[in-house]
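**Q** This structure is in structure tokens; I'll ask about it shortly.
Read-outs throughout are calculated quantities, based only on the coordinates presented, and are distinct from any laboratory measurement. Everything numeric here is computed off the predicted structure, so don't read it as measured data. Here the Cβ positions follow ideal geometry from the backbone for every residue, glycine too, while neighbour counts run over all protein chains shown.
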Amino acid sequence: MNCVVVVDAWEKCEQDDLIIYPWLEQETKLFGSFLDLQLYNMKEKFGVQIIHAASSRTIMKEMKTIDAVVDEIKDLPEYKNYYFCGFHLGRCINTKINHLQRNNIGVIINLSMVFPGDSIEKFISKHPRNNYYYTYEKGLQCIDMKI
């Protein structure tokens with residue numbers, strides 16, 4: 001079985017980030033609603049397990065599709081493949097991937113938010129492979145990229 005690991009879908013953003021980006025919490029909640037709908041559809045149609053990596057924090061109310069919650073990424077059970085998404089691409093998502101240290105990992109690009117101060121080019125230049133795009137019709141499709 002495959003799992004989707006949702007990274008840091010927290011109820012509250014970091015206070016330091018809100019000083020710089022006062023709209024960030026509203027943006028994450030809106031994206032969280034979209035993300036939850038896609039996770040629900042993915043679970044129903046493709047049978048993936050939805051695991052939240054919460055880092056010991058409260059998960060936002062917009063997240064209703066949850067099979068399990070782990071506080072430490074090393075506590076993830078064994079799965080055939082791990083697909084990561086959530087908050088934020090190139091930062092926390094990639095930190096969690098690096099700590100998991102497995103070869104069967106991908107990132108779902110369109111279900112991951114880029115931090116406001118970052119760019120997708122920065123992420124792709126460092127991680128051009130094992131990226132996926134989710135669509136309701138086909139599920140996860142590999143989209144290795146380059147800039």
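**Q** Taking 0.36 nm per residue of separation and subtracting the Cα-Cα distance, what length does fully extending SER125 through GLN49 add?
**A** My answer for the length gained is 24.4 nm.
**Q** Within the range 68-147, how many Lys pairs sit with Cα atoms under 27 Å apart, leaving out pairs fewer than 8 places apart on the same chain?
**A** Close lysine pairs found across the range 68-147: 15.
**Q** Antiparallel versus total DSSP beta bridges in the range 2-142: what percent is that, nearest 5?
**A** If we restrict to bridges inside the range 2-142, about 20 percent are antiparallel.
**Q** A follow-up question, please. Go ahead and estimate [θ] at 222 nm for the chain from helices alone: -39,500 (n - 2.57) per DSSP H run with n ≥ 4, summed, over the residue count, rounded to 500.
**A** After summing the helix terms and dividing by residue count, I get -9500 deg cm²/dmol.
**Q** Then there is this: Please compute, for the alpha-carbon atoms of the chain, the extent along each of the three principal axes and give them in descending order in Å.
**A** 40, 35, 31
**Q** Something else now. Short version: ³J(HN,Hα) in whole Hz for each residue of the range 113-120, in order, from phi by Karplus 6.51 cos²θ - 1.76 cosθ + 1.60 (θ = phi - 60°), x for Gly and Pro, what are they?
**A** Working through the residues one at a time gives 8, 8, 4, x, x, 10, 9, 5 Hz.
**Q** With a cap of 12 neighbouring Cβ atoms within 10 Å, and only residues DSSP puts in a loop, list the trypsin sites (Lys or Arg not before Pro) found in the range 1-51.
**A** Within the range 1-51, the qualifying trypsin sites (Lys or Arg not before Pro) (loop, at most 12 other Cβ atoms within 10 Å) are LYS12.
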